[in-house]
1. Would you mind pulling out the separation of the Cα centroids of segment 115-169 and segment 196-239, in Å?
2. What's the magnitude of the charge dipole for the chain around its Cα centre, counting Lys and Arg as +1 and Asp and Glu as -1 at the beta-carbon? Answer in Debye, nearest 20.
3. Between L196, L68, L14, where does the largest GNM mean-square fluctuation fall for the chain, given springs only between Cα atoms within less than 10 Å?
4. State, to one decimal in nm, how far the label point of K174 lies from the label point of S10, with both points 7 Å from Cα in the Cβ direction.
5. Hey, any idea what % of the chain's accessible area is carbon plus sulfur with a 1.4 Å probe?
6. If each of A210 and A93 carries a label point 7 Å out from its Cα toward its Cβ, how far apart are those two points in nm?
7. Accessible surface of T90 in the full protein assembly, 1.4 angstrom probe, to the nearest 10 Å²?
8. Beyond 26 Å, how much of the Cα-Cα pair distribution for the chain remains, as a whole percent?
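The values are calculated or read from the model by the stated rules, or taken from the named source; none is laboratory data. Computed from a predicted model, the values in this text were never measured in an experiment. Virtual Cβ from ideal backbone geometry, glycine too; neighbours counted across all protein chains shown. The accessibility values were calculated without ligands, DNA or RNA, using every heavy atom of the protein model including side chains. Shrake-Rupley method; radii C 1.70, N 1.55, O 1.52, S 1.80 Å.
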Amino acid sequence: LTGKEIEKLSLEELKKIFKKIKIFARVEPKHKLLITKLWQKEGEVVAMTGDGINDVPALKQAHVGVALGSGTQVAKEVADLILLDDSFSTIVAAVEEGRKILENIRKIIGFLMTSCFAEIILIGSSFIFKKPLPILWMQILWINLIEDGPLSLSLAFENEKEGLMEKKPEPLTKPLLTKELKFLIFVIGIILNLILLSLFFYLLDVKKYALDRVRTIMFVGLAIDSLFFIFAFRSLRKNFWEINLFSNKFLNISWILSWFLLLLPIYLPPLQKIFHTCALTLSDWTILLGIGFISFALIEISKLLFKIKSKT
């Protein structure tokens, strides 16, 4: 559709046919602005490329204004992106990088919220049932900052690009926390916490373990959950066995370091006094590693079900 043909159409007529048009040619600045607004009203994310002063209104109106590096200074100033090499293929690379960043943000949020949700339920339940705190504040800080901190940061280095550009564009109304992510955070979190909470009551009331030993087990249980399901959160689209385990060296280093740092408050006498912990037995570790494996398996099974559902 050319600019002259657009001039002959009323706004209502243009609204009826503009979705069918593949190419708008020889259009004036006001036409570019009008076309941009029409697509935006349909809820689409609009990118506009341009290089001259006449492109400025549409560049500013679009969600993403893309100016050419060889274009005018005015166009560059109002644009969100500048193509220094004047190559449109760079836009594709930028979109791919943006999608990767968005996925990594979701992974980090999901990982951290699942861990924090576990702590909230565990501590809240102890108040409700008038029991001693299952975990102390310094232990929570150790888990959140020392254990989960490096692991969550390492997810930012995930470079999962396979199949990324085959996804449909997400609507503007799609929240950062998707339905699948909410399910993993809340449903899986509740199941895991019921397991930990049951273990807490059992060890305290039935086995009559010393409070410091019970708290040490809860402390390690929460930390081990994170150390297990960090690998499940490496991809929200693929299962564990479909991912290259050695593709993120930062995560692997952080994971080994986190295991080492977890053992310090448990077996180092000076830190045992500060954190009110004690050395754990082999049977304690067997139970805790089993809980970690369950948390990992639950997330992987959920992802597999999501994949099956998306194909039907």
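1. Distance between centres, Cα-based: 12 Å.
2. Numbers: 39 positive and 31 negative charges, 181 e Å.
In debye, rounded to 20, the chain gives about 880.
3. L14
4. Simple spin-label model gives 3.7 nm for this pair.
5. On the way: 11600 of 17150 Å².
Result for the chain: 68 percent of the exposed heavy-atom area is carbon or sulfur.
6. Taking the two extended label points, one gets 6.1 nm.
7. Accessible area of T90: about 50 Å².
8. Values: 28446 of 48516 pairs.
Considering the chain, 59 percent of its Cα-Cα pairs are separated by more than 26 Å.
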